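Working notes, beginning with the structure itself.
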Amino acid sequence: MVTADGAALSLSCSPHLVRRTDLINVTGGSDDRYLCLDWFGKSGAKVEEVLPAWGVGELAHLPVGRAWDVVRLPAADGWRAVMGLLGRVPVGPVLHTGISVEVFVPIDSADGWTAPRVSVLKSGDLIGVPHPSFSSPRIQRAKSWVVAPSAEHALTSGDDLRLAYAATRVDTREETCLR
């Protein structure tokens, strides 16, 4: 991890706990790609609740529906869909939970999406998120960022995700038929 002045910063010794001073140290810069307080702030989350949760190794609970919606996909197909998008289109924050992949999309961009084992989190829902430094293989409370939030504030297009997911499902069915 890097602080606002470019100095290297390592998180505390345990991969499951983050020292509060480490969290405070990484919040100082506007170009800090690890902890974008304005990104979380746009969700309506309060820094004074987010940082203490992370400081004791818990997930921060962010409200959905104010800055983004979240599409929850089955893990294997969701993973393939996101990997198919990377490098081709802007991909925003993506979480892996072991049983699902949670993709942050613009508000209302996933409206009407119905597919087996897919759900859309919208206004009124909360999503638990780990500290942005918890990218695979590091996990925090069974969650890890596939794509961590960054200063660019990109979100994945709901249409791009829907097409990638549909293509993944077609490929999966074809593979099953070939066995």
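The values are calculated or read from the model by the stated rules, or taken from the named source; none is laboratory data. Everything numeric here is computed off the predicted structure, so don't read it as measured data. Neighbour counts run over all protein chains shown; Cβ positions are idealised from the backbone, glycine included. Keep in mind that these areas ignore ligands, DNA and RNA; they rest on the heavy atoms of the full protein, side chains included. Shrake-Rupley method; radii C 1.70, N 1.55, O 1.52, S 1.80 Å.
Of all residues in the stretch 117-157, those satisfying the criterion of being exposed (fewer than 13 other Cβ atoms within 10 Å of the Cβ), in contact with a strand residue (DSSP E or B) (Cβ under 9 Å, 6 or more places away or on another chain) and either among the β-branched types (Val, Ile, Thr) or under 17 Å from GLU102 (Cβ atoms) (or both) are ARG117, SER123, GLY124, SER136.
Taken over the stretch 92-116, residues that are assigned to a loop (DSSP other than H, G, I, E, B), of a type in the set (S, T, N, Q) and surrounded by 16 or more Cβ atoms within 10 Å (Cβ to Cβ) amount to 2. Here VAL70, VAL89, VAL50 are screened, and the one residue that is in contact with a Phe, Trp or Tyr (Cβ under 9 Å, 6 or more places away or on another chain) and not in a helix (DSSP H, G or I) is VAL70.
When the stretch 62-78 is filtered for residues that are under 22 Å from GLU152 (Cα atoms) and surrounded by fewer than 14 Cβ atoms within 10 Å (Cβ to Cβ), only ARG66 remains.
Taken together, LEU35, LEU11 contain a single residue that is assigned to a loop (DSSP other than H, G, I, E, B), touching a Ser or Thr at 6+ places or on another chain (Cβ under 8 Å), at pLDDT below 90 and open to solvent by less than 20 Å² (accessible area, probe 1.4 Å), which is LEU35. Filter the stretch 158-175 for residues that are open to solvent by less than 40 Å² (accessible area, probe 1.4 Å) and modelled with pLDDT of 90 or more and give the result. Those that are open to solvent by less than 40 Å² (accessible area, probe 1.4 Å) and modelled with pLDDT of 90 or more: GLY158, LEU161, ALA164, TYR165.
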